[in-house]
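The values are calculated or read from the model by the stated rules, or taken from the named source; none is laboratory data. Quick caveat: nothing in here was measured; it's all calculated off a predicted structure. Using ideal geometry, Cβ is built from the backbone for each residue, glycine included, and neighbour counts are taken over all protein chains shown.
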Amino acid sequence: MRDRNYLFNNADWHSVDQHQRKELAKEIDTINGDRLLNSSVDDLCDYFEKKYRIEVPILRPDNIVADQRETKIDVSGDRGRYFSNPGQPFYVNGTTVEISVPFEGDSEAFKIQPTSFTMSPPRAEVKNNNLIIKIEGTDLSAEQVRAEVNRTISEIEGYLVTLRSNAQGLNSQVRSIARGAIEQRRTKLLKDRNLLGDLGFKIKEREGESRTFAAPEVRRKLAPSLPPASATPFKPEPTLASADYDHILSVIQNMVHVMERSPSAFTSMDEESIRSHFLVQLNGHYEGQATGETFNYQGKTDILIRSDGKNIFIAECKFWSGPKKLLETIDQLLGYSSWRDTKVAVIVFNRNKDFTKVLESIRETSKGHSNFKRQIAFASETMFRYVFAHRDDPNRELLLTVMAFDVPA
């Protein structure tokens, strides 16, 4: 005799799919405007993706644990028995075997009815991260219990395969849906704020408006939380366009190609001399606004490009001397960069023999920095692009490109 804890027997998949999409749009639409504008779009997308995707469980039958206990079993429904009071419960001694099947994933998914199902779904109790299959009887055998367990697990696996296929569509779209809604609302918020600014009147402060934000609860064992946001009202700031950033890097890269074609002219040059050649090329594109060793925020930097009085690019030029020096250089850039400086670069010159080993060290060292957030795919074997958190505000992000070049020794 079995417990009647039916799995996959609550909301159908189509209802769940629509609910997740609706709640995602609703949360983005109601999140505090300053929080939305002050937070990294990618960090917000990470949060919403973790919250609204369906993590269909994966069973771990290799780690099954069994237990048994004596119990009383009602046999009043057994037609092979005679009862003096028919219709009344009649209990005899029996045995309950509990099989605990571990799983990974969202336990709530066991409530979802997939698009393909039977009228008699499998039965088990969901407890913590285990499925408990209970089998009761007055004369159980190991073969009988094993066969029942295998049959139940097979049924559950069949449901999970279908549910996994159903969830794939939603899971693959959650991030893009979130990004689209976030960008749309950010555009609207910025337009509204620019409207007030263009009026030329003093902007009224809203009484009671909270400047701290609490992350909403998520019904998951490990609940994602919204990225921490600054309490400061958002103010639009100038940024360097991605196309301009890539153009600056291409100018630097082209200059290195010149060095490769004329190695004898650059063999004895130090960092400062090589940097001077970069400055000549950059000033040809930015009207003499590229400078070397220019004071910026808290220190000096090797290359700084200003446009209309604003810093739009900061770079450090260094000969490769090991991982420690690279980390120090990244720290320098984070220290130099004010909030308006969102795109930076480290230009690494290598005069050692093993360039492949240097590239591997750059890759691993950059990811190990405490302010590292994520790597961005980049179509180059000697250039690496990362997103770093600003030293004083994790919501501010710096786009860092590390460019490594073999130069004449």
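Looking only at the range 112-127, decide whether some residue is β-branched (Val, Ile, Thr) and under 24 Å from residue 69 (Cβ atoms). Yes: one or more hits.
Among all positions in the range 350-361, there is no residue which is of a type outside the set (Asp, Glu), under 30 Å from residue 38 (Cα atoms) and not assigned by TED's automatic domain parsing to the domain that holds residue 46. Counting residues in the range 350-368 that are crowded, with 21+ Cβ neighbours inside 10 Å, under 16 Å from residue 275 (Cα atoms) and at pLDDT 70 or above gives zero. What are the residues in the range 76-108 that are of a type in the set (D, E, K, R) and at pLDDT below 75, if any? 78, 79, 81, listed by residue number. Among the residues in the range 55-75, are any under 30 Å from residue 184 (Cβ atoms) and either at pLDDT 90 or above or not in a helix (DSSP H, G or I) (or both)? Taking every residue of the range 55-75 in turn, at least one turns out to be under 30 Å from residue 184 (Cβ atoms) and either at pLDDT 90 or above or not in a helix (DSSP H, G or I) (or both).
Residues in the range 1-27 that are among the aliphatic types (A, V, I, L, M) and surrounded by fewer than 19 Cβ atoms within 10 Å (Cβ to Cβ) were compared, and the one that is nearest to residue 179 (Cα to Cα) is 25.
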